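These notes are about the structure you will find just below.
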Amino acid sequence: MDQPFNFPLTEKDISVLNNRNIKSPIYISNLQELGIDQTKFVDTFSDLFSELPWDPYDSRRLRVEFLKKCFPSDEIEIQKLFKSYYLGKSDLNVFLNWRNKLSETEKKEFDEIQPWRRRSVCQFLIWKEGETFKVKRQKVKQFAQEVQGDDYRSLPRKFSESPSEHVEHLLFYHWMIAVYRIVKNVRPEMEKINMVGHFMSVKARPQKPGNNSPEGAHEDGADYIVSALVINRKNVKGGETQIIEKVDNKGKEIIFKYTLQPGEFVFQGDSKDEIIHGTDLWHHVTPFALDDESAGEGWRDIIGFDIDIV
């Protein structure tokens, strides 16, 4: 759905579009509708993403997968080294023996596996005392998803904390308080929320699309999420946000899709929402390619939130 529509769009509107009742909360809108100066917000954050450190985890995983594919008889031995390398406890030299055996073409392909995401994280506790909102920054814990078996996503990842000048100011506080109000509307009984913010910048290159969700459709493991508040779309096409319902015995179905523009965002239920509200929502964003390959790189920059009721 990339045609213009009136913000905000909620689960009630999406129920009509799908001709069935979507019970878990969805709120698609833009900053202006929340009473935030959208132009000022986007302009303020637009240039900050180039300052973020690279996220090394995806490229580490893909390098190991590349070597396992090239040396199937050594797959078990290579896999034994994966965990230490993935977590940054060892460097690429542990695979030097296999890299040296690659053909020149394979070496070039292997060496071109480089990080394509920049990222920082922050965490805030937000509550209200009387008519006053309170915002307290906290240290972010390591990230690990609750997945089965030896899935690499179960390994703890640690990302750089967002600089104070990026997030400890009124403009960002107003955005978080606006999200607090959305959650309060959904769960009137709640008093405090814990919000983990993700600043993420994803690069697209010639013949190499940008991919914000290499794991596919997923849940983040939070009560609610802002899957993305888009800040920049520079020289890219694609990157469609999808809201997905997991239907018992029927797999997953896309119930809404839309390409968010700068200043627009999606809020939705996440983990356990099927128990609390009645619909099991997942989310995904499709890969995006360069709009003009002659113009060099392309970037999609977002701010996301994992939100838990305290």
query: Looking at the range 60-70, is at least one residue touching a residue at least 24 places away in the same chain (Cβ under 8 Å) and out of contact with any helix residue (DSSP H, G or I) (no Cβ under 9 Å at 6 or more places or on another chain)?
result: yes
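Every residue, every condition in (1) in contact (Cβ under 8 Å) with a residue 60 or more places away in the chain; (2) in contact with a Lys or Arg (Cβ under 8 Å, 6 or more places away or on another chain), yes or no:
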{"site": "215", "(1), (2)": "yes, yes"}
{"site": "224", "(1), (2)": "yes, no"}
{"site": "241", "(1), (2)": "no, yes"}
{"site": "246", "(1), (2)": "no, yes"}
{"site": "288", "(1), (2)": "yes, yes"}
{"site": "298", "(1), (2)": "yes, yes"}
Residue count, the range 60-108, condition in a loop (DSSP other than H, G, I, E, B) and of a type outside the set (Lys, Arg), comes to 9
Filtering the range 152-207 for residues that are touching an Asp or Glu at 6+ places or on another chain (Cβ under 6 Å) and part of a loop (DSSP other than H, G, I, E, B) leaves a count of 1
*In the range 135-144, is there at least one residue being closer than 16 Å to residue 218 by Cβ, part of a loop (DSSP other than H, G, I, E, B), touching a Ser or Thr at 6+ places or on another chain (Cβ under 8 Å) and at pLDDT below 90?*
yes
Has the range 203-215 got at least one residue that is over 15 Å from the mean Cα position of the chain (by Cα) and among the polar types (S, T, N, Q)? yes
If we keep only residues of the range 233-286 that are of a type in the set (Ser, Thr, Tyr) and outside any loop (DSSP other than H, G, I, E, B), then the residue surrounded by the fewest Cβ atoms within 10 Å (Cβ to Cβ) is 258
Note on the range 7-41: residues touching a strand residue (DSSP E or B) at 6+ places or on another chain (Cβ under 7 Å) and surrounded by 17 or more Cβ atoms within 10 Å (Cβ to Cβ) are 9, 11, 14, 22, 24, 25, 26, 27, 28, 29, 30
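So, in the range 71-108, of the ones that are free of Cβ contacts under 8 Å to residues at least 12 places away in the same chain and of a type in the set (D, E, K, R), which residue ends up nearest to residue 158 (Cα to Cα)?
89
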Of the residues in the range 42-55 that are assigned to a loop (DSSP other than H, G, I, E, B) and buried (at least 17 other Cβ atoms within 10 Å of the Cβ), the one that is modelled with the lowest pLDDT is 55
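The values are calculated or read from the model by the stated rules, or taken from the named source; none is laboratory data. Just so it is clear, the model here is predicted, and its values are computed rather than measured. Neighbour counts run over all protein chains shown; Cβ positions are idealised from the backbone, glycine included.
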